[in-house]
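A.B. asks: Below are the structure tokens for one structure; questions will follow.
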Amino acid sequence: MYRLLDSRAHATDFIDKRPCLMYSGAASLWCYYTGVYYYLYHKFDLRNVRTTGISMGVTVSFATVMHMSPRQKFEIGLHWAAMIWNRPLKCFFMHSDDWVETGMRITKEFGLCDEDVKKHVGTNTVFAGVTDISVFPPEHVVLKDAVTLRESLYWTTLSMRIFPFYRYFGWYRNMLIVDGVFSGFYTTPPNLDESQAIRISPFALPGTDVHPLFPEEMFSVRDICYSKTAEQMFRQMKIGYQAAERAHEKLLKKGLKPKEEAGMDEFGQIGTLDHMVLSCEHEFEEFKKKDPLKTCWD
């Protein structure tokens, strides 16, 4: 079953012609999406796109609509990862408050506020897919129109509720919620123009446009469930960048508009694979210097 939280959005035959970036779940492969996002951010104009996410995909959907820089996307991911790896139980039996409070602290440092979220209300721009188990059979529900920064960050936890990683089911608008992957690989927004749908995943799912291709790019079960080391993170990042790069022409055909090439900085030509690696390595080293938790990344 499939349900839009506000079904009134289906009351029109209007087809939204904006490109739609649709991110699947990714488990622990958040750095894969960092690489994809770096490429998309520097090669395409993302100001007039729609975006949907399921599970870990909601975090990159959030970064997209908030127009975070790739380094900000990487930084908030490091803070979330550090929070997890410094818990006695690591990624198991987490409480959503830990994730949300970490996100609130870092996004406010980025200068984001509730107004940045409210301006998207009613625009049919950003969505998150979850599974409602308060009904039978369970239904896939598309969340829309968060009104605060905290609510948006809570969305990112709602679509990741899998036991034993989270200790409780999600509760939102009288729904008992678990991970969106239990009811769909992707979440479909209202009024979607299928010719403009861009499906992105770290897995070679049917119908996916941006995904790993070669055997050496495929992720192991350990990568998927427990990615922690710097070596794992930067490998994922490179695979994500290269997957998006291979799909460049397809992304143009699906409606993304090219962005004017950026110039040089201290890490080289902005938008290249080498620049991504060098700039994120620098960000990682700076993060480790400031990290009050002194996280071990081995």
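A.B. asks: Within the range 40-148, what percent of beta bridges assigned by DSSP are antiparallel, to the nearest 5?
C.D. replies: 60
A.B. asks: So, by mean Cβ neighbours within 10 angstrom, what's the order for 175-185, 130-140, 59-69 with the highest one leading?
C.D. replies: Most protected by this proxy first, the peptides run 59-69, 175-185, 130-140.
A.B. asks: Need one number: convex hull volume per residue for the range 92-228, Cα atoms only, in Å³.
C.D. replies: Dividing the Cα hull volume of the range 92-228 by its residue count gives 155 Å³.
A.B. asks: Whole Å is fine, so just give me how far the alpha carbon centre of the range 34-79 lies from that of the range 139-190.
C.D. replies: Using only Cα atoms to place each centre, the spacing works out to 18 Å.
A.B. asks: With a 10 Å radius around each residue's Cβ, average the other Cβ atoms per peptide and rank 122-128, 94-100, highest first.
C.D. replies: 122-128, 94-100
A.B. asks: Right, something else. Pick from ILE224, ILE15, ILE106: which residue has the top mean-square fluctuation in a GNM of the chain where Cα pairs under 10 Å get a spring?
C.D. replies: ILE15
A.B. asks: Choose one of LEU252, TYR186, ALA262: the residue whose Cα lies farthest towards the positive end of the charge dipole of the chain (beta-carbon charges +1 Lys, Arg; -1 Asp, Glu; about the Cα centre).
C.D. replies: Positive-end residue among those listed: TYR186.
A.B. asks: Right, another one. Taking only the Cα atoms of the range 14-66, how large is their convex hull per residue, in Å³?
C.D. replies: Measuring per residue, one finds 72 Å³ for the Cα hull of the range 14-66.
A.B. asks: While we're here: Between the range 207-230 and the range 237-268, how many Å separate their Cα centres?
C.D. replies: 20
A.B. asks: Same structure again: Taking the range 212-298 on its own, what percent of its Cα-Cα pair distances exceed 22 Å?
C.D. replies: In whole percent, the long-distance tail amounts to 44.
A.B. asks: With equal scatterers on the alpha carbons only and no solvent term, can you work out the Debye log10 of I(q)/I(0) for the range 15-163 at 0.13, 0.17 1/Å?
C.D. replies: -0.57, -0.99
A.B. asks: Let me ask another. Based on the alpha carbons, how large is the Rg to Rh ratio for the chain when Rh follows Kirkwood?
C.D. replies: Ratio of gyration radius to Kirkwood radius: 0.94.
A.B. asks: Neighbour counts of other C-beta atoms within 10 Å: give me MET233, MET104 arranged from fewest to most.
C.D. replies: Placing the least packed residue first, the sequence is MET104, MET233.
A.B. asks: Roughly how large, in nm² to one decimal, is the mean projection of the convex hull of the alpha-carbon atoms in the range 191-244?
C.D. replies: With every direction weighted equally, the projected area is 4.7 nm².
A.B. asks: Size of the dipole of the range 199-294 about the Cα centre, Lys and Arg at +1 and Asp and Glu at -1 on the beta carbon, nothing else charged, in debye to 20?
C.D. replies: 500
A.B. asks: Among bridges DSSP assigns within the chain, what percent are antiparallel (round to 5)?
C.D. replies: Taking every DSSP beta bridge within the chain, about 45 percent pair in antiparallel fashion.
A.B. asks: For the range 92-154, divide the Cα radius of gyration by the Kirkwood radius and give the resulting Rg/Rh value with two decimals.
C.D. replies: 1.05
A.B. asks: Run lengths n ≥ 4 of DSSP H only: what is the helix-derived mean residue ellipticity at 222 nm for the chain, with -39500 (n - 2.57) per run over all residues, to the nearest 500?
C.D. replies: After summing the helix terms and dividing by residue count, I get -11500 deg cm²/dmol.
A.B. asks: Also: Magnitude of the Cβ-charge dipole of the chain, K/R +1 and D/E -1, about the Cα centre, nearest 20 debye?
C.D. replies: 440
A.B. asks: Still on this model: Of GLU266, GLU101, how do they rank once you tally other Cβ atoms within 10 Å and put the fewest first?
C.D. replies: GLU266, GLU101
The numbers here are math on the coordinates, done by the rules we state, and not lab data. Values in this document were obtained by computation on a predicted structure and should not be read as measured data. Cβ atoms come from the backbone with ideal geometry, glycine included; neighbour counts cover every protein chain shown.
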